[in-house]
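Let me begin by presenting the structure, written as structure tokens, before commenting on it.
The values are calculated or read from the model by the stated rules, or taken from the named source; none is laboratory data. As the structure is a computational prediction, the values presented were derived from the model and not from experiment. We place every Cβ from the backbone using ideal geometry, glycine too, and count neighbours over all the protein chains shown. For the accessible areas, the whole protein counts, side chains as well, though only heavy atoms, and no ligand, DNA or RNA atoms are used. Shrake-Rupley method; radii C 1.70, N 1.55, O 1.52, S 1.80 Å.
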Amino acid sequence: MTDNASKSPAANGQGQAMWGGRFSAKPAELMQAINVSIGFDKRLWAQDLAGSRAHARMLISQGVIASSDGEEILEGLAKIEDELATGTFPFRDEYEDIHMNIEARLRELIGPTAGRLHTARSRNDQVAVDFRLWVRDAADRSAAQLEALQKALLAQAETYADALMPGFTHLQPAQPVTFGHHLMAYVEMFGRDASRFRDARARMNECPLGAAALAGSPFPIDRHQTAASLGFDRPTANSLDSVSSRDFALEALSAASITATHLSRLAEEIVLWTTPMFGFIKLTDAFTTGSSIMPQKKNPDAAELIRAKVGRILGSLTTLTVVMKGLPLAYSKDMQEDKVPTFEAFDALELSLLAMAGMIADLTPNTEKMAAAAGAGFSTATDLADWLVRELNMPFRDAHHVTGSAVKAAETQGLDLAELSLAEFQAIEPRITDGVYAVLTPAASAASRMSYGGTAPAQVRAQIARWKETLA
């Protein structure tokens, strides 16, 4: 995929390799097998055509090639685009990569004029701009899909802003929260994920086209023109860096890996919540599957597969990091290995984001079972401690100790805190009054958490409104 010497014999239409003037013999078949990349880089055809059109128009406007030749090239590229779009383009392994396949086909369509397109350009900067365009598009898609997932979460959170459920730490009941508040935690996570893709896009939005092989070009090219025509903010400022850097892909893969981690956490909760032991939510047949032997089973396979995708995505980040870690400037053939892991990662991420948005819209919470579980495990104990601080002016550490004693007394009798008698409370702390019972229900506990970002339904609705405005 570059202008290095280690190439297979991509013919120029006259039996001579396009790069082969230096060589008198063909590479071995095994060399051809390891060198060819058209099997995967054909995905870059739209980006390659876009870069070639921008380059051709710039060459025309700068007088580097004649207008007549440039227009013939552009017409040929239009025909190739039709072939690629309709699936009739003749991909051939002997031309190695998408760049040479398109150039060879252009020569077949318009003759030797096709060779002028490669003036002031190398496959090194050509693949750099193609890949950067592809990753930029992938980042845009990921940000948009994250926003769609956020909207699905917002819709459910708004419907169930008051629905009680247990909040957990260490997967043990901690304090009552609302289902809406729990879902809004993921809205925040996925919002940061989308912002990471937008940040990465801003940094990658520089155009390497015109850097040529590694040193720039002696022709009077206008790199600002090609950058602008391809939607970049500016051209890259160093020709060596332009063709040898893949940190834009690494950054995008890093953002994808963090997103996949968040998706995996939500998927794990969906898996737990759909078990009979939790029974917090139900999924329809649309996102579940059955068992070949156990007819009663309804498995949350979509969630389980999303949970597993983080391995593939994080593996892609690791793969490309290792590929790049020891490469001297400028281009090395190692960098041909950047495409497959990046393509695979974003394929997996896109499928996961779409499936998760579908599952979130599909699920139905069992509000009665969640509410019943919200008070389990003495989840209002902190509310008792807070009451002691507010009403009795007790230092919190003392209140914590008193509350612990009350929990022990209730646990010994197999009771909840609210089921202890006033006399039993007063045996622990004589100043406790019957006003304490007002704070010992899960509903009262959740409603009291009115601090900014808290689980009180009013606060949840305020955050929903903020996000709806942001996403609008």
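Tell me which trypsin sites (Lys or Arg not before Pro) from segment 400-472 have a DSSP coil assignment and no more than 12 other beta carbons within 10 Å of their own.
Details: sites: K408, R431, R449, R461, R466, K468; in loops: R431, R449.
For trypsin sites (Lys or Arg not before Pro) across segment 400-472 that sit outside H, G, I, E and B with at most 12 neighbouring Cβ atoms in 10 Å, the list reads R431.
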**Request:** Could you state the angle between the C-alpha long axis of helix 247-273 and the longest principal axis of the C-alpha atoms of the chain, as a value from 0 to 90 degrees rounded to the nearest 10?
**Result:** 30 degrees
**Charge dipole (the chain, unit charges on Cβ, about Cα centre) - positive-most of W45, T441, Q145** = W45
**Prompt:** Dipole magnitude of segment 29-116 about its Cα centre, charges +1 at Lys/Arg Cβ and -1 at Asp/Glu Cβ only, in debye to the nearest 20?
**Reply:** 220 debye
**Prompt:** When you take every Cα atom in segment 375-471, what is the radius of gyration, and what is Dmax, the widest Cα pair distance, in Å?
**Reply:** 15.8, 54
**Message:** From the protein chains alone at 1.4 Å, what is the descending order of accessible area for R234, R265, largest first?
**Reply:** R265, R234
**Request:** Subtract the Cα-Cα distance of D285 and A155 from 0.36 nm times their separation in residues, and report this length gain in nm to one decimal.
**Result:** 44.7 nm
**Prompt:** If you find the alpha carbon centre of segment 357-395 and of segment 219-244, how far apart are they in angstrom?
**Reply:** 57 Å
**Prompt:** Between the helical axis of 179-204 and the dominant principal axis of the chain, each derived from Cα atoms, what acute angle in degrees is found, rounded to the nearest 10?
**Reply:** 20 degrees
**Fill in**
For segment 309-426, using Cα atoms only, the Rg and Dmax in Å read 27.7, 80
**Request:** Take every Cα-Cα distance within the chain, group them into 20 Å bins from 0 onward, and report for each bin the whole-number percent of pairs it holds.
**Result:** 20, 38, 25, 13, 4, 0
**Asked** T88 accessible area, nearest 10 Å², 1.4 Å probe?
**Response** 90 Å²
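Taking 0.36 nm per residue of separation and subtracting the Cα-Cα distance, what length does fully extending A458 through T367 add? Please list the in-between numbers first.
On the way: separation 91, 0.36 × 91 = 32.76 nm, distance 1.84 nm.
Roughly 30.9 nm would be gained on extension.
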**Projected area averaged over orientations for segment 356-418, convex hull of C-alpha atoms, nm²** = 6.5 nm²
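Below 12 angstrom from the Cβ of R116, what's the summed charge of the other residues (Lys, Arg +1; Asp, Glu -1)? Provide the component values of the computation, followed by the final result.
Working: positive: R107, R121; negative: D69, E71, E72, E103.
After counting each charged neighbour, the total is -2.
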**Fill in**
The rounded separation in angstrom of the Cα centers of segment 281-340 and segment 102-156 is 23 Å
**Request:** Mind giving me the nanometre distance, one decimal, between the label points for A423 and R141, set 7 Å out from Cα along Cα→Cβ?
**Result:** 7.1 nm
**Request:** Determine how large the accessible area of L49 is when every protein chain is in place; take a 1.4 Å probe and give Å² rounded to the nearest 10.
**Result:** 0 Å²
**Request:** Leaving ligands, DNA and RNA out of it, report the carbon-plus-sulfur percent of the accessible area of the chain at a 1.4 Å probe.
**Result:** 55 percent
**Prompt:** What would the Debye formula give as log10 I(q)/I(0) at q = 0.20 Å⁻¹ for the alpha-carbon point model of segment 56-134, no solvent?
**Reply:** -0.97
